[in-house]
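Written below as structure tokens is the structure these notes are about.
Read-outs throughout are calculated quantities, based only on the coordinates presented, and are distinct from any laboratory measurement. All values derive from a computational prediction rather than experimental measurement.
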């Protein structure tokens with residue numbers, strides 16, 4: 001499977017902005033790492049709202 005949602009965990013500050021915005025609810029904050037993760041990127045609508053919401057530019061949609 002090709003990557004659709006790429007999250008730079010080094011940049012992620014776990015603010016949750018992307019999680020709140022995602023209409024498909026595929027983004028979540030991992031309890032263990034505290035970083036944003038993707039549950040099922042095949043459901044991504046590719047509208048890039050999460051990319052615009054991220055204050056540290058940690059998300060890319062390919």
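See the values below:
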| read-out | value |
| --- | --- |
| Computed over region 5-61: relative contact order in percent, which uses C-alpha pairs under 8 Å that are six or more apart | 44 |
| CD proxy at 222 nm, helix term only [per DSSP H run n ≥ 4: -39500 (n - 2.57); per residue of the chain; nearest 500] | -3000 deg cm²/dmol |
| Answer label for Cα extents along the principal axes in Å (calculated), chosen among [x] 23, 22, 18; [y] 34, 21, 15; [z] 51, 24, 18 | [x] |
